[in-house]
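The values are calculated or read from the model by the stated rules, or taken from the named source; none is laboratory data. Bear in mind the structure is a predicted one, so any value in this text is a computation, not a measurement. No Cβ is skipped: glycine too gets one built from the backbone with ideal geometry, and neighbour counts run over all protein chains shown. Accessible surface is based on the protein model in full, side chains and every heavy atom, while ligands, DNA and RNA are left aside. Shrake-Rupley method; radii C 1.70, N 1.55, O 1.52, S 1.80 Å.
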Amino acid sequence: MTENPDLRFLLLPLPEFALLPFGGFLDKLRFSADDEDYSRQRYCAWTILGLQSGHVLSSSGAALRIEATPDELKLADYDYLVLFGGRNAQATAALAPTYQPLLRRAARAGVKLVAIDNASFMLAACGLLDGHQVAVHWRHEAEFRASFPHLRLARERLYCLDGARISCAGGTAAIDLAVELLAQGSGRARALKGLADMLVDETRSGQHALRSLHTTPSGERHVDRAIALMRHGLASADGIEQLAASVGISRRQLDRLFHASQGMSAREYWNELRLQHVRWRLLNSSHSLAQIADEIGVGDTSHLGKLFRQRFGSTPGTMRRQAKPTA
């Protein structure tokens, strides 16, 4: 390793971190860190950090070895502290008291804090995202908005660079973020090195619109855009008329297009998205039905429970209990 690499990263995988963003981010560093494909840490360097020595388990059960603890290094020597969030956003946020001293020390030392996937929930719970825009995974936008209503979401963003705070939605977007950080510190040519080896055609900007999220079976652009707005506005008080106006057509035209492509009206489709969100949140968190109802803009939990039972044949409480693994 050279004595003065362009960039130095601390990689902090949290319990039950996802392997995909971690591996993608780290491998992009590896390809850019050396000439050819020798994997030496010459132009950028990294250390896998943990509060304690040993191993941390990923969401798949694979274990990653911790290379250093905070007491073994000088935080000011590093440019970025990159946190990789756990599978459950609520559980990740609950780790805030444990990690807050380290994160605040790093911030005071001038280290930029990078939250990937659900790590944004923990930074927010630590009060370290106040005044910053935040990019989160589309599936967790409603939960993040309900949990931290004072923070500004960078909607439809793969990643967001906002001064000393950087956030990323996770998944393969971690590769795109790594390219951007490397480009800023080592130049664009070095940042792009190795993409062909990773079988990546091109990098995406933070503003890249995810086609797989906006695509419907019909491929009808008005429907695509309406569904994207629905996903990002589950709790919106705007009616279907306003939604139709936002995509540039009348409500009657919008309903006709939805019936043709989805077999239901725009309102029925929006309600289905909301109920599917409630179901997913019940199965993947321990938040109360009241908070989940708030995420989709429903104030009457009794009414929501009735709609849920009509749709899924089970009450929210029963579905949550049946989903819990038995000892």
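For Ala76, indicate whether it is in a helix (DSSP H, G or I), among the aliphatic types (A, V, I, L, M) and modelled with pLDDT under 95. No; evaluated as a whole, the condition is false for this residue.
Any chance the stretch 250-270 includes a residue that's closer than 30 Å to Asn88 by Cα, hydrophobic (A, V, I, L, M, F, W, C) and either surrounded by fewer than 19 Cβ atoms within 10 Å (Cβ to Cβ) or in contact with a helix residue (DSSP H, G or I) (Cβ under 8 Å, 6 or more places away or on another chain) (or both)? Among the residues of the stretch 250-270, at least one is closer than 30 Å to Asn88 by Cα, hydrophobic (A, V, I, L, M, F, W, C) and either surrounded by fewer than 19 Cβ atoms within 10 Å (Cβ to Cβ) or in contact with a helix residue (DSSP H, G or I) (Cβ under 8 Å, 6 or more places away or on another chain) (or both), which makes the answer yes.
Residues considered: Arg190, Arg165. Of these, the only one that is closer than 13 Å to Ser120 by Cβ and either crowded, with 20+ Cβ neighbours inside 10 Å or at pLDDT 90 or above (or both) is Arg165.
Let's see how each residue does on (1) of a type in the set (D, E, K, R); (2) over 22 Å from Asn118 (Cα atoms):
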| site | (1), (2) |
| --- | --- |
| His277 | no, no |
| Ser288 | no, no |
| Ala293 | no, no |
| Thr301 | no, yes |
| Leu304 | no, yes |
| Arg311 | yes, yes |
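Filtering the stretch 69-100 to residues that are in contact with a Ser or Thr (Cβ under 8 Å, 6 or more places away or on another chain) and surrounded by fewer than 17 Cβ atoms within 10 Å (Cβ to Cβ) leaves Thr69, Leu73. Annotation: Tyr269 fulfils all but one of (1) of a type outside the set (S, T, N, Q); (2) farther than 19 Å from Gly239 by Cβ; (3) in contact (Cβ under 8 Å) with a residue 12 or more places away in the chain; (4) part of a helix (DSSP H, G or I); the unmet one is (2). The criterion of at least 1 residues that are in contact with a strand residue (DSSP E or B) (Cβ under 8 Å, 6 or more places away or on another chain) is met by the following helices (runs of 4 or more DSSP H) wholly inside the stretch 123-234: 141-147, 173-186. Pairs are defined by a Cβ separation below 7 Å, a sequence spacing of at least 6 or placement on different chains, a first member in the stretch 294-315 that is without any contact (Cβ under 8 Å) to a residue 12 or more places away in the chain, and a second member that is open to solvent by 80 Å² or more (accessible area, probe 1.4 Å) and among the basic types (Lys, Arg); the pairs so defined are Thr315/Arg309. For the stretch 266-283, indicate whether the set of residues that are at pLDDT 90 or above and over 26 Å from Glu156 (Cα atoms) is non-empty. Within the stretch 266-283, not a single residue is at pLDDT 90 or above and over 26 Å from Glu156 (Cα atoms). The helices (runs of 4 or more DSSP H) located wholly in the stretch 277-327 that include 2 or more residues which are among the aliphatic types (A, V, I, L, M) and closer than 15 Å to Phe144 by Cα occupy 289-295. Restricting attention to the stretch 107-115, does a residue exist that is in a helix (DSSP H, G or I) and either among the hydroxyl-bearing types (Ser, Thr, Tyr) or at pLDDT below 95 (or both)? No: the stretch 107-115 contains no residue that is in a helix (DSSP H, G or I) and either among the hydroxyl-bearing types (Ser, Thr, Tyr) or at pLDDT below 95 (or both).
Here the stretch 52-63 is the region considered, the condition is being assigned to a loop (DSSP other than H, G, I, E, B) and within 23 Å of the chain's Cα centre (by Cα), and the residue that is surrounded by the most Cβ atoms within 10 Å (Cβ to Cβ) is Ser59.
Screening the stretch 303-327 for residues that are modelled with pLDDT of 90 or more, open to solvent by 70 Å² or more (accessible area, probe 1.4 Å) and not charged (D, E, K, R) and picking the one that is farthest from Arg279 (Cα to Cα) gives His303.
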